[in-house]
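Chemist: One structure follows; several queries about it will come next.
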Amino acid sequence: MLRIGLIGGMSWESSALYYELINEAVKERLGGLHSARAVLASVDFAEIERMQSAGAWDEAGEALADEARRLEAAGADLIVLCTNTMHKVAGAIEAAVGIPLLHLGDVTAEAVRAAGLGTVGLLGTRFTMEQDFYRDRMAGHGLTVLVPEEEDRADVHRIIYEELVLGEVREESRARYAEVIAGLAARGAEGVVLGCTEIELLVRPEDSPVPVFPTTRLHATAAVTRALAD
């Protein structure tokens, strides 16, 4: 089994879910007392959020590249970046190490294509929805990606940063997300990508009229597949 290197802490709530899902997948596939070989580097999210808000993406990229180097030195065989938004700096991480980064955008796009869909809605932080680093990665797999309208994007972003990263799951926020998803479906989305790892704490399959693609679960499953490939 390869050793999975996790860059987490963005937020720790979603990183805990990653760890749980990865170990559940290993147990399911190998049985018995098996668990994942993993090493975790967990950052202080307050520092990363400051860089996000300031648009200091180069600084953020170098900070996460440093964590990737530490994981490689600790024996990691592959890198899993436990956040959608910070895949904006995936290139800096890949350039810093000699082990592969399992890109979340690729994993998600492959799942959408495997489901036979061509147009999906994307929910995430404002950075993920409005900048092109994630949408273009998925478009490179032949997908059309729709994002919510401005007012809806603002609410989706606010709920992530003011509630979900703090572990708060509110029914009124679940209802608001369901409304946003319904709007995307009405515009032609055949499925919806939950493009922020914390959203899976809130949105359930039954909250959507179209299939949902939970990126945390997809990423964790893909990491285990890679780790057990040999």
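Chemist: Look at Arg113 and say whether it is assigned to a helix (DSSP H, G or I), at pLDDT below 95 and either in contact with a strand residue (DSSP E or B) (Cβ under 7 Å, 6 or more places away or on another chain) or of a type outside the set (A, V, I, L, M) (or both).
Modeler: Details: assigned to a helix (DSSP H, G or I): yes; at pLDDT below 95: no; either in contact with a strand residue (DSSP E or B) (Cβ under 7 Å, 6 or more places away or on another chain) or of a type outside the set (A, V, I, L, M) (or both): yes.
No; evaluated as a whole, the condition is false for this residue.
Chemist: Another one. What single numbered condition from (1) buried (at least 18 other Cβ atoms within 10 Å of the Cβ); (2) part of a helix (DSSP H, G or I) fails to hold for Ala41?
Modeler: (2)
Chemist: Continuing with this model, one more query. Out of the range 116-161, which residues are under 15 Å from Ala189 (Cα atoms), open to solvent by 40 Å² or more (accessible area, probe 1.4 Å), part of a helix (DSSP H, G or I) and out of contact with any Leu (no Cβ under 7 Å at 6 or more places or on another chain)?
Modeler: We begin by selecting, within the range 116-161, every residue under 15 Å from Ala189 (Cα atoms); these are 116-123, 129, 135, 138-139, 142-149.
Now restrict to residues that are open to solvent by 40 Å² or more (accessible area, probe 1.4 Å): 116, 135, 139, 142, 144, 149.
Remaining after also requiring part of a helix (DSSP H, G or I): 135, 139.
If the condition is that a residue be under 15 Å from Ala189 (Cα atoms), open to solvent by 40 Å² or more (accessible area, probe 1.4 Å), part of a helix (DSSP H, G or I) and out of contact with any Leu (no Cβ under 7 Å at 6 or more places or on another chain), then Ala139 is the only one that fits.
Let's see how each residue does on (1) of a type in the set (D, E, K, R); (2) in contact (Cβ under 8 Å) with a residue 60 or more places away in the chain:
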residue: Glu49; (1), (2): yes, yes
residue: Ala54; (1), (2): no, no
residue: Asp58; (1), (2): yes, no
residue: Arg70; (1), (2): yes, no
residue: Ile79; (1), (2): no, yes
residue: Ala96; (1), (2): no, no
residue: Leu101; (1), (2): no, no
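Chemist: Which ones in the range 186-207 are at pLDDT 95 or above, closer than 23 Å to Gly167 by Cα and part of a loop (DSSP other than H, G, I, E, B)?
Modeler: Matches in the range 186-207: none.
Chemist: Continuing with the same structure: Hey, among the residues in the range 71-100 that are closer than 18 Å to Glu47 by Cα and open to solvent by 30 Å² or more (accessible area, probe 1.4 Å), which one's nearest to the chain's Cα centre (by Cα)?
Modeler: Lys88
Chemist: Taking Met1, is it in contact with a helix residue (DSSP H, G or I) (Cβ under 8 Å, 6 or more places away or on another chain), part of a loop (DSSP other than H, G, I, E, B) and closer than 22 Å to Ala92 by Cβ?
Modeler: On the way: in contact with a helix residue (DSSP H, G or I) (Cβ under 8 Å, 6 or more places away or on another chain): yes; part of a loop (DSSP other than H, G, I, E, B): yes; closer than 22 Å to Ala92 by Cβ: no.
Here the answer is no, as Met1 does not meet what is asked.
The values are calculated or read from the model by the stated rules, or taken from the named source; none is laboratory data. All values reported here derive from a predicted model rather than from experimental measurement. Because the Cβ atoms are built from the backbone with ideal geometry, glycine has one as well, and the counts that use them run over all protein chains shown. SASA here: full protein model, heavy atoms, side chains in, ligands and nucleic acids out. Shrake-Rupley method; radii C 1.70, N 1.55, O 1.52, S 1.80 Å.
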